[in-house]
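In what follows, a structure is listed as structure tokens, so that the remarks can point back to it.
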Amino acid sequence: MPDNHLTDPTDRAESPSARAGAEIAGAEGTGSEGGRLAAVVYGGTSFVAALVFWLVTTFVGSYPAVARYGGAAWVFVLFMIVLMPIVIPRVRNHRRRRRTECADGTCVID
Amino acid sequence: MKTTFIVHGMSCAACEAKVRKGLLALAGVSDVVVTVTTGRVTVTHEPSVSARALADTVVALGYEVEDAELVLSVEGMSCAGCVLKVEQAIKGLPGVTDVVVSLGTGTARVRGYAGVLAKREVVDAIVAHGYEASEKLEGMAQLDREQEIRGAELRRQKLNMWMAWPLAAVIMVLTFQGMWIIPEFMPTTVKNWVLFALTLPVVFGPGRQFFVHSWRGLRRGVTDMNLLYATGIGASFLIASINTIFPNAGFGGKQATFFESAALLTAFIILGRYLEALTRGRTSESIRKLMKLQPKVARVLRSGIETDIPADEVEVGDLILLRPGESVPVDGVVVEGYSSIDEAMITGESIPVEKTVGSKVIGGTVNRTGALRFEATKVGKDTALSQIIRLVEDAQASKAPIQRVADLVAGNFILGVHLLSLLVFLGWFFAGYHAFFTPTSHFVLSPYSLGSMGAFGFSMLLSISVLVISCPCAVGLATPSAMMAGAGKGAEYGVLFKGAEAIETTSKIRTVVFDKTGTITKGRPAVTDVLPVLPGLSPDSLLAWAAAVEQNSEHPLGEAIVEGARVRGVAVPATVDFDSVPGHGVKGQVDGRRVLLGNAAFMTESGVDAEGLADRAAEFAAQGKTPMFVAVDGQAAGIVAVADTLKESSAEAIARLHDMGLRTVMITGDNRRTAEAIAAQVGIDEVFAEVLPQDKAAKIKELQSRGQFVAMVGDGVNDAPALAQAQVGIAIGSGTDVAKETGDIILIKSDLMDVVTAIEAGRATMRKVKQNLFWAFAYNSVGIPIAAGVLYPFTGQIVGPELAAFFMAISSVSVTLNTLLLRRFKPTAWKTGGQGPGRGRGRKAGDRRAKIAGVEATLAKGGVEVAGQSSD
């Protein structure tokens, strides 16, 4: 299939569909509402995991401060790394689905 | 928002109303403008309505939405994780229906709806994920660009190595500070600060790329190999820095710095990247060889003036001048001159082919002796060579089913490894350290003990080692690198695989079904026997009479007799009173004698007693030949037998297939006696005779229902359904366009030994894929548990992060090197002293470095000699 059927990039940059595309692209980034929600989920969960680690090491056993704080930080980092690729696409898909449902009038407005 | 599609199939106002109404019925669509004349449908809709939903609605209404395809070069991908990352980046874009990203070729092939798929958006999405993307160029321009990119990558990694390795070496020496005379000059505290100062530029100079790439991906929810490096290097450096700046923080103190880990980790990973960049380019050598065959300049005669122009600018109909020693710039037909052309690089035939007025010339071949003037018939993308290149490129850029599994594993591998790293940390921190740690234990291949390392430092070390030793790269590279090399090797020997899937399925073939006419046989009847019975009558005289009466006939058997006389140099006298009796024979006056030629019934009807020849005629028929009686002046004069002759290599190819453990079947519309005669001559195992063209596919299905994995080899239009039904369709070079479009493999020549070559190439490639996957998975399966410390309770040794990095670098390089061994692949037919198609023709191993494929490379539509149109 020849490429000349592709829309001209410069035209698309100004077109309404380009703006819509930018909206979608924005939703995928971290700065949008969806990105913030995802950040709250993975950041919050990682923080809770790190906190649990710190509490356990503080109240059980006799770990030095560096092990408690350092370990909590390492747990936080690894949890973030594990959760980010899981949470971000899920939140993005969830919001996309919800937008579709709302357009159909089938969603429940909170 | 508005979305515009190009829709085919709308022919009237009713169609317009139907499309409009159908789209308006969708929730979220507010307006639809349909222009029947241009086929444009512009839909105004809510962003929640996807382009796919709109297109699906149009298709459901019975129309076709035009597709567009975009092929981009993607730079910076280094592992299967990157492939997944780029695919995910593109998949979510409006109008995109399918994405295939190839690590081996560094391309992204994006399909979508014409009018919606926007190049800029696709490029931006790839760039946003940390890679470079640009439209894939054509031919040599792409080759030059790829070389430039690889050159730049090699230079960049070489520069990084020059920075990382000397510093890492100094850091390593300083790490052994306690052993030599260094303590005399440098106390421990100072040493740590020196190490910190030396490691900092390594981590944030050459190592910066890993942090940047992993962060770009992570913030969009995707991971790749860089993340493993970044966490490993980052954590090592961080602990070392804390122990230097805050020695009493409890990480093991100033004695336990891991600067050498961070530095050597970076250095080894960069070494791996450099070696990978160096070796990966070599897997695509075949395509480079092909591209280099394309001449850059053509000498064109325009308005009577000779002008040198770029070969790309030659137009169909241009007259091109060719001097001795020059390459043919495009495909064409000779209009003036006489010469011989070396077509070895395309056909593999070492003897130059004579060319005179009316002969076809193929772009990329070399003119040897004389000057020629020819008219361009195929230019640019339509030349045989361009189409071969495109087929090989497509095969290299596609994915085999086995690769999709590997991609899935590799894509989720990084996440899994981080999870494992977390579990290893927690396990050793809370339980393992207290149960097994002894201060005298030490690193593998190192005399240094772990000393007073605490639970945190110990657990962290093992956690980092797990991250660093794991290598999804090896898993990700295992399949595409071998597929690229295999597709290229196939092309080198005249076998074009249409995709990686074709390579994989070819390796599984257990039964090969051959069409008869034009595949096993030449597809052109020829005189096989001339049997005179009249006293004093020579075979040539009998043939001359037969050819004389047949020269006015248009029957294929008659043409064969005339051609037989011409080939034997027999002069054919003129005929008068020619008459043809359809279905029986022909008659006429030759040199004043009444000559009849036809079947037995024709002889009987004409009052000729041919009973004495009946036995010989029956013998010929039993051999699959068609006997034709010749009578002169009312007396039986002899028999001329005509048959479709076997190709030279048919019997040998089938014998070789049997040696390979394959079963062979022949399928034909001919009568059983002829079919079995041919089958017996070549050694076919099973024959399906008297099969109507439309039933060939059913026969293939029947074999499949017996549990056989079937390849069909054919050439004709009537073979197309069977080619499609078989697991692997193999179209031979002289076949029809339909057969070649349907087949999964195209043999550029019509030599059946190439069927053997195709299967050997498929098997060799898949063997390599399996070896690669085995080593990649075995490496990870063994390496990760060892890095996680499973042997520590028994051996008291752990793998340090720097050693883990070394193993990781070795693993992905070893996969690429193993793939490069495919370069040594040589089909049986081409081995020195082998039984290949080149025997007796002076073709020896290595005498055609640039052989590549194909005769008259019949790939180009039209303008192709259809040598073997199947008639059965």
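The values are calculated or read from the model by the stated rules, or taken from the named source; none is laboratory data. From a predicted model like this one, the values you see are computed outputs, not experimental measurements. Cβ placement follows ideal geometry from the backbone for every residue including glycine, while neighbour counts extend to all protein chains displayed. Remember, those area values only see protein heavy atoms, side chains included, never the ligands or the DNA or RNA. Shrake-Rupley method; radii C 1.70, N 1.55, O 1.52, S 1.80 Å.
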TODO: Would you be able to say whether some residue in the stretch B:481-488 is surrounded by 21 or more Cβ atoms within 10 Å (Cβ to Cβ), more than 24 Å from residue B:779 (Cβ to Cβ) and among the small types (Gly, Ala, Ser)?
DONE: yes
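Given the options B:154, B:143, B:103, name the one that is modelled with pLDDT of 80 or more, under 27 Å from the mean Cα position of the chain (by Cα) and away from chain A (no Cβ under 14 Å). Write out each step before concluding.
Numbers: B:143 fails: modelled with pLDDT of 80 or more; B:103 fails: modelled with pLDDT of 80 or more.
One residue alone meets the criteria, B:154.
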TODO: Counting only residues that are more than 22 Å from the chain's Cα centre (by Cα) and under 30 Å from residue B:419 (Cβ atoms), give me the strands (runs of 3 or more DSSP E) lying completely in the stretch B:701-809 with at least 3 of them.
DONE: none
- [ ] Filter the stretch B:500-524 for residues that are open to solvent by 20 Å² or more (accessible area, probe 1.4 Å) and among the charged types (D, E, K, R) and give the result.
- [x] B:501, B:508, B:510, B:522, B:524
Open item on the list: Which of the numbered conditions does residue B:72 fail, given that it passes all the others? Conditions: (1) open to solvent by 10 Å² or more (accessible area, probe 1.4 Å); (2) over 10 Å from residue B:7 (Cα atoms); (3) touching a residue at least 24 places away in the same chain (Cβ under 8 Å).
Closed with: (1)
Task: Those residues of the stretch B:357-379 which are open to solvent by 30 Å² or more (accessible area, probe 1.4 Å), farther than 19 Å from residue B:311 by Cα and modelled with pLDDT of 85 or more, in sequence order - done: B:357, B:358
TODO: Take the stretch B:542-590 and flag every residue that is open to solvent by 30 Å² or more (accessible area, probe 1.4 Å) and polar (S, T, N, Q).
DONE: B:551, B:552, B:580, B:589
TODO: Keeping to the stretch B:797-808, report how many residues are under 19 Å from residue B:475 (Cβ atoms) and surrounded by 23 or more Cβ atoms within 10 Å (Cβ to Cβ).
DONE: 3
Open item on the list: Taking the condition of being surrounded by fewer than 23 Cβ atoms within 10 Å (Cβ to Cβ), assigned to a strand (DSSP E or B) and facing chain A (nearest Cβ under 8 Å), how many residues in the stretch B:112-137 meet it?
Closed with: 1
Task: Subset of the stretch A:53-76 (residues that are facing chain B (nearest Cβ under 7 Å) and open to solvent by 60 Å² or more (accessible area, probe 1.4 Å)) - done: A:64
Open item on the list: Suppose we filter A:23, A:28 for residues that are surrounded by 15 or more Cβ atoms within 10 Å (Cβ to Cβ) and at pLDDT below 75; which single one remains?
Closed with: A:28
Task: Single unsatisfied condition, residue B:315 versus (1) open to solvent by less than 50 Å² (accessible area, probe 1.4 Å); (2) in a loop (DSSP other than H, G, I, E, B); (3) touching a residue at least 60 places away in the same chain (Cβ under 8 Å); (4) of a type outside the set (S, T, N, Q) - done: (1)
Open item on the list: Tally up the residues in the stretch B:32-59 that are open to solvent by 60 Å² or more (accessible area, probe 1.4 Å), in contact with a helix residue (DSSP H, G or I) (Cβ under 9 Å, 6 or more places away or on another chain) and part of a strand (DSSP E or B), please.
Closed with: 1
Task: Per-region count, the stretch B:241-267, residues at pLDDT 75 or above and more than 13 Å from every other protein chain (Cβ to nearest Cβ) - done: 10
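Mind listing whichever residues of the stretch B:625-640 are within 26 Å of residue B:684 (Cβ to Cβ) and over 44 Å from the mean Cα position of the chain (by Cα)? Explain how you work it out, then say what you get.
Start the filter on the stretch B:625-640 by keeping residues that are within 26 Å of residue B:684 (Cβ to Cβ), which leaves B:625-627.
Passing the criteria: only B:627.
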TODO: Output the number of the condition that residue B:792 fails; it satisfies all remaining conditions of (1) open to solvent by 10 Å² or more (accessible area, probe 1.4 Å); (2) touching a residue at least 12 places away in the same chain (Cβ under 8 Å); (3) more than 30 Å from residue B:399 (Cβ to Cβ); (4) of a type in the set (Phe, Trp, Tyr).
DONE: (1)
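Taking the stretch B:361-420 on its own, how many of its residues are assigned to a helix (DSSP H, G or I) and of a type outside the set (Ser, Thr, Tyr)?
To start, the set of residues in the stretch B:361-420 that are assigned to a helix (DSSP H, G or I) comprises B:380-382, B:384-397, B:401-420.
Now restrict to residues that are of a type outside the set (Ser, Thr, Tyr): B:380-382, B:384-385, B:387-397, B:401-420.
Number satisfying all stated conditions: 36.
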Open item on the list: Among the numbered criteria (1) in contact with a Leu (Cβ under 7 Å, 6 or more places away or on another chain); (2) within 14 Å of chain A (Cβ to nearest Cβ); (3) at pLDDT below 80, which one does residue B:18 miss?
Closed with: (2)
Open item on the list: Whether any residue in the stretch B:447-456 is within 50 Å of the chain's Cα centre (by Cα) and touching a residue at least 60 places away in the same chain (Cβ under 8 Å) is what I want to check.
Closed with: no
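Go over the candidates B:462, B:445 one by one and state the one that is farther than 30 Å from residue B:755 by Cα and within 14 Å of chain A (Cβ to nearest Cβ).
Details: B:445 fails: within 14 Å of chain A (Cβ to nearest Cβ).
Exactly one residue qualifies, and that residue is B:462.
How about the stretch B:609-624: which of its residues are crowded, with 20+ Cβ neighbours inside 10 Å, among the aliphatic types (A, V, I, L, M) and under 45 Å from the mean Cα position of the chain (by Cα)? Explain how you work it out, then say what you get.
Taking the stretch B:609-624 and keeping what is crowded, with 20+ Cβ neighbours inside 10 Å, we get B:610, B:613, B:617, B:620, B:624.
Among the residues that remain, those that are also among the aliphatic types (A, V, I, L, M) are: B:610, B:613, B:617.
Scanning the stretch B:609-624 gives no hits.
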Open item on the list: Name the single residue that is farthest from residue B:684 (Cα to Cα) among those in the stretch B:751-773 being surrounded by 24 or more Cβ atoms within 10 Å (Cβ to Cβ) and of a type in the set (S, T, N, Q).
Closed with: B:772
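Given the criteria surrounded by 21 or more Cβ atoms within 10 Å (Cβ to Cβ), more than 14 Å from chain A (Cβ to nearest Cβ) and part of a helix (DSSP H, G or I), does residue B:457 qualify?
Details: surrounded by 21 or more Cβ atoms within 10 Å (Cβ to Cβ): yes; more than 14 Å from chain A (Cβ to nearest Cβ): no; part of a helix (DSSP H, G or I): yes.
Spelling it out, it is not the case that residue B:457 is surrounded by 21 or more Cβ atoms within 10 Å (Cβ to Cβ), more than 14 Å from chain A (Cβ to nearest Cβ) and part of a helix (DSSP H, G or I).
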TODO: For the stretch A:34-92, name all the residues that are hydroxyl-bearing (Ser, Thr, Tyr), without any contact (Cβ under 8 Å) to a residue 12 or more places away in the chain and in a helix (DSSP H, G or I).
DONE: A:58
Open item on the list: Given the criteria in contact (Cβ under 8 Å) with a residue 60 or more places away in the chain and buried (at least 24 other Cβ atoms within 10 Å of the Cβ), does residue B:717 qualify?
Closed with: no
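Could you tell me how many of the residues in the stretch B:14-31 are touching a His at 6+ places or on another chain (Cβ under 9 Å) and open to solvent by 30 Å² or more (accessible area, probe 1.4 Å)?
Initial filter on the stretch B:14-31 (touching a His at 6+ places or on another chain (Cβ under 9 Å)): B:23, B:26, B:28-31.
Subsequent filtering for residues that are open to solvent by 30 Å² or more (accessible area, probe 1.4 Å) retains B:26, B:30-31.
Looking only at that region, the number is 3.
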Task: Residue satisfying all of: in the stretch B:525-541; more than 30 Å from residue B:719 (Cβ to Cβ) and β-branched (Val, Ile, Thr); surrounded by the fewest Cβ atoms within 10 Å (Cβ to Cβ) among these - done: B:533
